[in-house]
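Structure, as structure tokens:
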Amino acid sequence: MQIYQLFNQLNNQKLTKLLTQTVAFGVSAIVLLSSTNANAAEQVVLKYGTFQGQVSIEELSQFTETGKTTPTLTAYLQAAQQDPAVARKALKAPIKADPAFLNNLLSSWAGPILVDQIGEVVHPPVGRLDQQALRSALSASIKQNGEVTLLGAIQNYPNTSVELEGDRLISVYERLSNLAELL
């Protein structure tokens, strides 16, 4: 009888260990799968002429959605002599249209022109503009909410860091606004 009890005890310990490992694996998988996209930008390098500073995507998104700035972002906007209201408007101004139409536009002869326009403001911190990366960021933005915004391009850019040319922000915003009126 003692051998039977010892055998049951060992089986229970093995079962408990197996269940513990399974639960730990499941929790780890859920955390990894539900976290933010590892291929999307997390940091933004703001550039205004020779001035340069980093903010997180979260800070920039909060600013764009609510108008509230963090102390870091406030300091950067002041140092760059940038009107926060104008910057906010430029980041969130949409080109709204049917998602299929916008994706077709990106695939047409006008696509590279649109991507180059946005690429003047949003691009990788080092090297040349990767048109395909920016096009995929724009397509992801379109799929999420049926519009193209500079913030959407930044949030979906397939790199951990992206550079935002603040001194070109307004001129590109105006060109995109003109394009949006034609659509």
**Request:** Enumerate the aspartates and glutamates that LYS92 could reach by cross-link, defined here as Cα to Cα under 17 Å, with residues fewer than 8 away along the same chain left out.
**Result:** GLU58, GLU59, GLU65, ASP83, GLU120, GLU147, GLU163, GLU165, ASP167, GLU174, GLU181
**Request:** Any chance you could run the full-extension gain for GLN52 through GLN78? It's 0.36 nm times the residue separation minus the Cα-Cα distance, nm to one decimal.
**Result:** 8.1 nm
**Request:** Classify region 108-176 as rounded, prolate or oblate, taking a ≥ b ≥ c as the square roots of the eigenvalues of its Cα gyration tensor: rounded when a/c is under 1.5, otherwise prolate if a/b is larger than b/c and oblate if not.
**Result:** rounded
**Complete:** Gyration tensor on Cα atoms of region 63-183, a ≥ b ≥ c root eigenvalues, a/c under 1.5 rounded, else prolate if a/b beats b/c, else oblate, says prolate
**Request:** Find out how many positive minus negative residues lie around SER171, taking Lys and Arg as positive, Asp and Glu as negative, among other residues whose Cβ is under 15 Å from that of SER171.
**Result:** -2
**Request:** Just add up the charged neighbours of GLU58: K/R +1, D/E -1, any other residue whose Cβ is under 14 Å from the Cβ of GLU58.
**Result:** -2
**Item:** Within region 82-129, trypsin sites (Lys or Arg not before Pro) in DSSP loop having at most 11 other beta-carbon neighbours inside 10 Å
**Value:** ARG128
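Leaving out ligands, DNA and RNA, and with a 1.4 Å probe, what % of the accessible surface on region 54-104 is carbon or sulfur? Can you show the working numbers first?
Details: 1470 of 2890 Å².
Heavy-atom surface of region 54-104 belonging to carbon and sulfur, 1.4 Å probe: 51 percent.
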**Request:** Could you run the Karplus curve 6.51 cos²θ - 1.76 cosθ + 1.60 with θ = phi - 60° over region 68-78 and give me ³J(HN,Hα) per residue in whole Hz, x for Gly and Pro?
**Result:** 7, 10, 7, x, 5, 5, 4, 4, 5, 5, 5
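So, counting K/R as plus one and D/E as minus one, what does the shell of residues with Cβ under 14 Å around TYR76 add up to? All intermediate terms of the calculation are to be shown ahead of the outcome.
Numbers: positive: LYS47, ARG88; negative: GLU59, ASP83, GLU163, GLU165, ASP167.
That sum, taken over residues with Cβ under 14 Å, equals -3.
Mind checking region 56-135 for chymotrypsin sites (Phe, Trp or Tyr not before Pro) that DSSP puts in a loop (not H, G, I, E or B) and that have at most 16 other Cβ atoms within 10 Å?
Working: sites: PHE63, TYR76, PHE101, TRP109; in loops: TRP109.
For chymotrypsin sites (Phe, Trp or Tyr not before Pro) across region 56-135 that sit outside H, G, I, E and B with at most 16 neighbouring Cβ atoms in 10 Å, the list reads TRP109.
The values are calculated or read from the model by the stated rules, or taken from the named source; none is laboratory data. These figures come from a predicted structure and were not determined experimentally. All Cβ positions, even for glycine, are placed from backbone atoms using ideal geometry, and neighbour counts span all protein chains on display. Heads up: the accessible areas ignore ligands, DNA and RNA and are worked out on the full protein's heavy atoms, side chains in. Shrake-Rupley method; radii C 1.70, N 1.55, O 1.52, S 1.80 Å.
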